[in-house]
Each structure stands twice: as C-alpha cells, then as structure tokens.
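Below is one structure; the comments refer to it alone.
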Amino acid sequence: MLRSRIIPVLLVRDKGLIKTTKFSDDKYVGDPLNAVRIFNEKEADELMIVDIDATVKGKEPDYQSIENWAAECRMPLCYGGGVKNVEQALKILSLGIEKVALSSAVIERPELIKEIASRVGNQSVVAVLDVKKKLFSGYKVYTHNGNKSTTVDLFSLIKEFEKQGVGEVIINNIDADGTMAGYDTNLLEKLRSKVKVPLTYLGGAGSHQDLKNIIDRHSPIGIAAGSLFVFKGKYRAVLINYPNLEEKNLLFKN
C-alpha cells in the first residue's frame, strides 16, 4: 500500500549544497555529504539530490560524488542531473541509487522512460517537470534550470510519461521555489485529478502545517521541500532539520 512521504530535496552546484529562490539567487548552505548524514540521523523517508548544472553545461553526472552519497545514505535516494541515456541511468543505479530522475531528456524523447524501465523496473524511473504559471491561465513546462521554455502541454506530457511506464512524477513549481510561502494548491488539485502514477509535489513549503495541509487532502502523496529543511527562522539561518517522530505522527494524523 502506498503511503505519503516527506522528502528533502538537495540542490548541488560545483559539489556544494545550495538553495535557490524561483530558480535563481543561489545561496551556499554547506556540504551535501554532511547533509546526507544529518538526514540519516533524522530518519528521513527519502532523499533527492539534484545536480542543477549537469544538464545546463552538458556534463556527465558526477559518478564519484553520486557513489559517495549513496554509500553514506541510509534511506531511499533519488538522483537527478545530466542523465541523457540508458547507460548513464544504469551506471547511476548500480552505484546504490534507488531512483533516477529524468527531465529534459524525456521531454525530448519520452521513449527513454520505457528503455530504462525495461531494464531496471518502473519504480526506479522518475520524471521531473519544472513548471511555471502562464500569464493568463495554465502552466508552462521549462528545462535547463528554468531557462528554456517548451511548447508541450503539461498534462498531455504526463499522460505520455505514464504510457511509457514512468514510476513517479515530480512537479517542481518554479514560482514557489524557495519562497516558503506555501504550496500552489490550485495546481495540485488539477494534478491529483489527472495523474495516475505516484506523485510528488515540490515548491513553496514554509512550515509543517503546509505539509500537513497537503497530506490531509491528498494522501498518499510525496511532499518535497528544500528551504524548509535547510533554513530555520525568519532570518533563514542555515540549519538542516526534519520532523521528528512525534511531529511526523501529527503530520500524518487526520
């Protein structure tokens, strides 16, 4: 039976852990490996690490760093960044990663999902879609850290991903990224009515109550956050944090 998951998302640039706001205004927040160790201690449900420069700069995934993170991590770990083909995905999964996240590569060629899933199983293939609200209505899909817009329809694309056998879809809301102003529930309502595979929603969480509001209404669902788990207080002091067992019980209690 599926259950809701609370997932910290770590962004990596030049081997350092950073946090963005609306995909810009980077702030260095520490060492990714140290963050993995802390989330181990806090018994996070799952962890996602994204190299945000790999695709933009056309680089291979940093396999050594990925291996180091996987060796340290004691929870399911999803990696994204720079994955363009089956061979790269298989190598990453062989290093101890449970899920590989794909974005621009599967927007350009959705068949890549089936090619990877046929080798490792659907549960290991995740599609990440970075979206931004259009001026008047609807949402546009972006790639390359929000720098390239696409012409594809969000919901038609998700339907195609499902047809190709994707195991999970992650929606990353560019407008809400790093704002800590709450999730865009309007978009989530639309997604919930259309997405058939496991869904994870990212962008905007500023409090445990934000997490609880989504879990209460949409469980089972993956609720992901970045700033909420690396900053503390109104001055956004860097402090890796995660709900303890008592807090998690309250979040999952209706």
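Coordinate-derived values only; no laboratory data. Just so it is clear, the structure is predicted and the values come from calculations on it, not from any experiment. Using ideal geometry, Cβ is built from the backbone for each residue, glycine included, and neighbour counts are taken over all protein chains shown.
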request  = Please give the calculated 222 nm ellipticity per residue for the chain, where each DSSP H segment of at least 4 residues contributes -39500 (n - 2.57) and the sum is spread over every residue; nearest 500 deg cm²/dmol?
outcome  = -9500 deg cm²/dmol
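Give me the compactness ratio for the range 151-254, meaning the Cα radius of gyration over 2.2 N^0.38 Å. Walk me through the numbers on the way to the answer.
Numbers: Rg = 14.7 Å, N = 104, 2.2 N^0.38 = 12.8 Å.
The range 151-254 yields a ratio of 1.15.
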query = Taking the mean number of other Cβ atoms within 10 Å as a proxy for protection, how do you rank 208-217, 46-55 from highest to lowest?
reply = 46-55, 208-217
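Under the 0.36 nm per residue contour assumption, what length would be gained going from the current alpha-carbon distance of ALA71 and LYS42 to full extension?
On the way: separation 29, 0.36 × 29 = 10.44 nm, distance 1.71 nm.
Here the answer is 8.7 nm.
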note = Residue by residue through the range 170-182, the couplings from Karplus 6.51 cos²θ - 1.76 cosθ + 1.60 with θ = phi - 60°, in Hz, x for Gly and Pro, are 10, 9, 10, 8, 4, 4, 9, 3, x, 6, 6, 9, x
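What number comes out for the charge environment of ILE214, summing +1 per Lys or Arg and -1 per Asp or Glu over other residues with Cβ under 15 Å away?
+3
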request  = Once you have the Cα-Cα distance between ALA237 and LYS15, take 0.36 nm times their residue separation minus that, and quote the gain in nm to one decimal.
outcome  = 77.8 nm
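I'd like the antiparallel share, as a percent to the nearest 5, of DSSP beta bridges with both residues in the range 5-252. Each step should come with its number before you reach the end.
Working: 16 of 47 bridges.
Restricted to the range 5-252, the bridges split so that about 35 percent are antiparallel.
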message = Under the 0.36 nm per residue contour assumption, what length would be gained going from the current alpha-carbon distance of GLU87 and SER149 to full extension?
response = 19.6 nm
inquiry  = Distance between the C-alpha centers of the range 118-169 and the range 204-243? Whole Å please.
reply    = 23
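From the P(r) of the range 1-103, can you give the percent of Cα pairs sitting at distances over 21 Å? Let's see the in-between values first.
Numbers: 1623 of 5253 pairs.
Result: 31 percent of Cα pairs exceed 21 Å.
Quick one, can you get me the convex hull of the C-alpha atoms of the range 67-112 expressed as volume per residue in Å³? List each step's numbers first, then the result.
On the way: hull volume 2.9 nm³, N = 46.
Dividing the Cα hull volume of the range 67-112 by its residues yields 63 Å³.
Which entries of LYS42/LYS140; LYS42/LYS196; LYS19/LYS190; LYS148/LYS253 have Cα-Cα distances beyond 29 Å here?
Details: LYS42/LYS140 36 Å; LYS42/LYS196 31 Å; LYS19/LYS190 27 Å; LYS148/LYS253 40 Å.
In this structure, LYS42/LYS140; LYS42/LYS196; LYS148/LYS253 lie more than 29 Å apart at Cα.
Specify whether the C-alpha gyration tensor of the range 138-201 places it in the rounded, prolate or oblate class, a ≥ b ≥ c being the square roots of the eigenvalues: rounded for a/c under 1.5, otherwise prolate if a/b is larger than b/c and oblate if not.
Working: a/c = 1.83, a/b = 1.25, b/c = 1.46.
Note, shape of the range 138-201 comes out oblate.
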ask   = Where does each of 29-39, 190-200, 99-109 land if you order them by average Cβ count within 10 Å, highest first?
value = 99-109, 29-39, 190-200
request  = Give the span of the chain's Cα atoms along each principal axis, as three whole-Å numbers ordered largest to smallest.
outcome  = 43, 42, 39
remark   = Going fewest to most other Cβ atoms within 10 Å around each Cβ, TYR242, TYR28, TYR201 line up as TYR28, TYR242, TYR201
ask   = Which distance in nm do the two modelled labels at PHE252 and SER118 give, with both placed 7 Å along the Cα-to-Cβ direction?
value = 3.7
